[in-house]
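Student: The following block contains the structure, expressed as structure tokens.
The values are calculated or read from the model by the stated rules, or taken from the named source; none is laboratory data. Note that the structure is a prediction, hence the values are computed from the model and not measured. No Cβ is skipped: glycine too gets one built from the backbone with ideal geometry, and neighbour counts run over all protein chains shown.
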Amino acid sequence: MPRLHVAVLDEELPFPLTSGKRIRSFQLLARLATRHRVTILCHRNPQRDEALAAEEVFRACGIETIVVDRAIPAKSGPGFYARLAGNLFSHLPYSVATHTSQALIQAVREYAHRQAVDLWHCEWTPYAQVLREALGPQLPATPWCVMAHNVESRIWQRLAATAENPAKRWYIQQQWRKFQRFERWAYSHAPACIAVSQDDAALMQTEFAARSVFVVDNGVDGAYFQPQRDVERHPAQMLFLGSLDWRPNQDAAVLLLEEILPQVRRSVPNATAVLVGRRPPPWLVAQVRHTPGAELYADVADVRPFLARCGFLIVPLRIGGGSRLKILEALAAGTPVLSTRVGAEGLELTSPRDLWMAANHEELVRMAITAIRQPEVVAETVESARPQVLSRYSWDVLAQRLDDVWLQTARQPLRR
């Protein structure tokens with residue numbers, strides 16, 4: 001089997017493993033680095049200790065890193081709102097424009113000039129713009145692929161549908177339209193697109209004329225996430241996991257704090273909600289502090305103790321795309337899952353056999369009350385789900401699938 005030189009473009013080094021995107025990127029790239037020469041070109045992680053640790057970990061994996069000193073702009077403060085206003089005059093979505101730095105474009109251009117790269121891999125859709133600007137007219141004759149962790153325009157469409165403020169809704173609609181145009185270009189021009197679910201793959205083909213779409217699901221490390229039989233579960237403890245700097249998770253956390261938890265506590269007064277995630281914004285920290293029965297644990301090193309102690313994982317997402325690694329991790333760890341349909345979409349799991357899936361948050365409240373009062377009933381879902389999660393969503397299986405995509409894309413005839 002040929003050994004490729006694959007250059008990966010991303011926002012930062014995916015370490016420590018504190019978000020679904022980081023976990024996926026690391027698990028797949030670390031495995032494929034044993035078969036191919038892998039180089040990551042990205043921005044430096046914002047925290048110095050994190051950046052140094054990440055470079056050491058990837059060096060141990062045999063992955064070369066080329067890191068540029070340019071921080072992604074903050075998502076708060078007066079400067080953030082000034083940048084949002086300035087983006088009204090750009091044809092690019094805000095997240096694409098802010099991640100397309102001249103420092104990274106120049107690094108990619110110089111690397112392409114001095115190295116023979118068999119395949120360029122954009123680890124997040126916005127980084128297709130970096131490759132586009134770096135290679136310019138050479139791009140049509142270049143083997144490259146784009147990893148779509150989500151179809152971003154679908155997320156912005158759902159954000160617009162839930163925004164109550166008219167001015168905010170108008171701005172979000174502009175971002176939605178910009179992402180539609182950008183993704184139509186990216187998916188229709190990339191020689192290969194990689195989706196994380198069949199639903200996303202179908203959307204990329206029908207709505208965005210993707211040339212060639214492959215599905216490489218999100219996965220789970222079954223050796224790391226295992227049931228802890230010696231830990232006592234607390235049936236009335238609802239666990240929420242997720243990156244708390246991501247808008248869809250913030251929306252779900254607010255729904256949990258303002259609607260679901262208070263309604264559940266009316267029937268079960270000792271019910272609690274434990275939120276675990278990285279980079280919670282100050283406003284969310286304050287809201288948790290003032291919500292009876294709510295607790296917040298930020299930037300934890302290991303989520304397994306929380307999965308072992310809770311009664312169940314609750315996923316009240318109403319905005320999103322792709323699929324949720326946290327659901328797979330919970331089921332692998334023997335933790336029951338209650339989710340909205342949006343939260344569980346993209347996973348080959350059946351309700352109520354493998355998890356409990358609700359049509360809306362009112363139904364999710366009723367399910368949560370039942371799960372607290374009858375923990376032995378909801379626990380039965382894990383017995384069905386765990387074996388198929390471990391067999392279908394193993395990182396080793398998924399790494400082989402991505403390897404096949406790389407090999408096929410690197411050797412296929414290109415449109416010139």
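Student: Residues being touching a residue at least 24 places away in the same chain (Cβ under 8 Å), more than 24 Å from residue 39 (Cβ to Cβ) and not in a loop (DSSP other than H, G, I, E, B): count how many of those fall in the stretch 63-86.
Tutor: Residues in the stretch 63-86 being touching a residue at least 24 places away in the same chain (Cβ under 8 Å), more than 24 Å from residue 39 (Cβ to Cβ) and not in a loop (DSSP other than H, G, I, E, B): 1 in total.
Student: Kindly evaluate residue 128 against the criterion of being in contact with a strand residue (DSSP E or B) (Cβ under 8 Å, 6 or more places away or on another chain) and outside the structural domain of residue 299 (by TED's automatic domain parsing).
Tutor: Yes.
Student: If you don't mind, another one. Identify, please: which residue in the stretch 87-116 is without any contact (Cβ under 8 Å) to a residue 24 or more places away in the chain and among the charged types (D, E, K, R) and is, among those, surrounded by the most Cβ atoms within 10 Å (Cβ to Cβ)?
Tutor: 110
Student: Scan the stretch 277-329 residue by residue and report those that are among the acidic types (Asp, Glu), touching a residue at least 40 places away in the same chain (Cβ under 8 Å) and under 26 Å from residue 370 (Cβ atoms).
Tutor: Result: 329, single match.
Student: One residue is enough: does the stretch 237-250 have a residue meeting the conditions touching a Phe, Trp or Tyr at 6+ places or on another chain (Cβ under 8 Å), in contact (Cβ under 8 Å) with a residue 24 or more places away in the chain and within 21 Å of residue 155 (Cα to Cα)?
Tutor: Checked against the condition, which is being touching a Phe, Trp or Tyr at 6+ places or on another chain (Cβ under 8 Å), in contact (Cβ under 8 Å) with a residue 24 or more places away in the chain and within 21 Å of residue 155 (Cα to Cα), the stretch 237-250 yields at least one hit.
Student: Somewhere in the stretch 284-294, is a residue at pLDDT 95 or above and within 22 Å of the chain's Cα centre (by Cα)? First the steps, then the outcome.
Tutor: Taking the stretch 284-294 as the starting set, the residues that turn out to be at pLDDT 95 or above are 284-294.
Now drop any that are not within 22 Å of the chain's Cα centre (by Cα), which leaves 284-285.
So far as the stretch 284-294 goes, yes, one or more of its residues are at pLDDT 95 or above and within 22 Å of the chain's Cα centre (by Cα).
Student: Identify, please: which residue in the stretch 342-356 is among the small types (Gly, Ala, Ser) and under 22 Å from the mean Cα position of the chain (by Cα) and is, among those, surrounded by the most Cβ atoms within 10 Å (Cβ to Cβ)?
Tutor: Only one residue tops the list, namely 343.
Student: Another one. Between 124, 176, which is closer than 30 Å to residue 341 by Cβ, touching a His at 6+ places or on another chain (Cβ under 7 Å) and surrounded by fewer than 24 Cβ atoms within 10 Å (Cβ to Cβ)?
Tutor: Going through 124, 176 in turn, the sole match is 124.
Student: Of the conditions (1) modelled with pLDDT of 95 or more; (2) crowded, with 18+ Cβ neighbours inside 10 Å, residue 159 satisfies every one except a single condition; which number is it?
Tutor: The number of the failed condition is (1).
Student: Answer yes or no as to whether residue 258 is under 22 Å from residue 366 (Cβ atoms) and surrounded by fewer than 24 Cβ atoms within 10 Å (Cβ to Cβ). Give the steps one after another, and end with the answer.
Tutor: On the way: under 22 Å from residue 366 (Cβ atoms): yes; surrounded by fewer than 24 Cβ atoms within 10 Å (Cβ to Cβ): yes.
Spelling it out, residue 258 is indeed under 22 Å from residue 366 (Cβ atoms) and surrounded by fewer than 24 Cβ atoms within 10 Å (Cβ to Cβ).
Student: Right, another one. Scanning the stretch 179-202 for residues that are farther than 24 Å from residue 142 by Cα and of a type outside the set (S, T, N, Q), which turns out farthest from the chain's Cα centre (by Cα)?
Tutor: Checked the stretch 179-202; the qualifying residue farthest from the chain's Cα centre (by Cα) is 202.
Student: Something else about it: Would you confirm whether any residue within the stretch 133-152 is crowded, with 22+ Cβ neighbours inside 10 Å, among the charged types (D, E, K, R) and more than 25 Å from residue 39 (Cα to Cα)?
Tutor: yes
Student: Scan (1) surrounded by fewer than 18 Cβ atoms within 10 Å (Cβ to Cβ); (2) in contact with a helix residue (DSSP H, G or I) (Cβ under 9 Å, 6 or more places away or on another chain); (3) under 27 Å from residue 179 (Cβ atoms) for the single condition residue 402 breaks and write down its number.
Tutor: With (1) surrounded by fewer than 18 Cβ atoms within 10 Å (Cβ to Cβ); (2) in contact with a helix residue (DSSP H, G or I) (Cβ under 9 Å, 6 or more places away or on another chain); (3) under 27 Å from residue 179 (Cβ atoms) applied to residue 402, the lone miss is (1).
Student: Also: Among the numbered criteria (1) out of contact with any Gly (no Cβ under 7 Å at 6 or more places or on another chain); (2) part of a loop (DSSP other than H, G, I, E, B); (3) surrounded by fewer than 23 Cβ atoms within 10 Å (Cβ to Cβ), which one does residue 243 miss?
Tutor: So residue 243 meets the others, but not (1).
Student: Now for a separate question. Suppose the filter is out of contact with any Gly (no Cβ under 7 Å at 6 or more places or on another chain), outside the structural domain of residue 327 (by TED's automatic domain parsing), modelled with pLDDT under 95 and within 30 Å of residue 301 (Cα to Cα); does residue 211 pass it?
Tutor: Taking the combined requirement at face value, the residue does not satisfy it.
Student: Here is a further query. Which of the following residues is of a type in the set (Val, Ile, Thr) and over 16 Å from residue 402 (Cα atoms): 231, 215? So that I can check it myself, show each step before the final result.
Tutor: Working: 215 fails: over 16 Å from residue 402 (Cα atoms).
Answer to the check: 231.
Student: Hey, another quick one. May I ask you to list the residues in the stretch 269-301 that are part of a loop (DSSP other than H, G, I, E, B), buried (at least 16 other Cβ atoms within 10 Å of the Cβ) and of a type outside the set (Gly, Ala, Ser)?
Tutor: Correct list: 278, 280, 291.
Student: Turning to a different aspect of this structure: Picking from 334, 343, 311, which residue would you name as being of a type outside the set (Ser, Thr, Tyr) and touching a His at 6+ places or on another chain (Cβ under 7 Å)?
Tutor: 311
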